[in-house]
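The values are calculated or read from the model by the stated rules, or taken from the named source; none is laboratory data. For clarity, every value in this text was computed on a predicted model and none was experimentally measured. Quick reminder, even Gly has a Cβ in these numbers, built from the backbone with ideal geometry, and neighbours come from all protein chains shown.
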């Protein structure tokens, strides 16, 4: 069974790529993940079967061997930000969303850099609200 590491995986899109130790990258879909696993972290060592898909090799029956060491804090250990710090994050999110809405009101998509900044702030806000 081939082995490798998770190159990247996007749980929102339900797919990603695995880097083989001896071969090309392999596409992986969410239905190939172990039962109860919704995402794979980049760098996680895995084993997987391979099938030929329409666009190349595709991973089947992924088995997680070991997760990479993490420098991030565990959610249970994470300390919540102060209300004052959260106020700044929320106000930034509102300003960015207002600018994004303005672009849409004028019949255009926001600029790529502005969209990325908005997404980054929204992710940080979501992570903090869940902690």
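So here's what we get for this one:
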{"item": "All positions within segment 97-129 that are over 23 Å from residue 86 (Cα atoms) and surrounded by 13 or more Cβ atoms within 10 Å (Cβ to Cβ)", "result": "103, 110"}
{"item": "Residue list for segment 58-89, filter: modelled with pLDDT of 85 or more and within 22 Å of the chain's Cα centre (by Cα)", "result": "58, 59, 60, 61, 62, 63, 64, 65"}
{"item": "Selection within segment 24-39 - under 13 Å from residue 59 (Cα atoms) and part of a loop (DSSP other than H, G, I, E, B)", "result": "24, 25, 33, 34"}
{"item": "Residue, surrounded by the most Cβ atoms within 10 Å (Cβ to Cβ), within segment 41-55, restricted to residues that are in a strand (DSSP E or B) and touching a residue at least 12 places away in the same chain (Cβ under 8 Å)", "result": "46"}
{"item": "In segment 74-126, the residues that are part of a loop (DSSP other than H, G, I, E, B) and farther than 23 Å from residue 12 by Cβ", "result": "76, 77, 79, 80, 81, 82, 106, 107, 108"}
{"item": "Inter-residue pairs, beta-carbon under 8 Å, first assigned by TED's automatic domain parsing to the domain that holds residue 101 and in segment 113-124, second at pLDDT 85 or above and not in a helix (DSSP H, G or I), 6+ apart", "result": "115/109; 118/110"}
{"item": "Yes/no for residue 18 being assigned to a loop (DSSP other than H, G, I, E, B) and surrounded by 15 or more Cβ atoms within 10 Å (Cβ to Cβ)", "result": "no"}
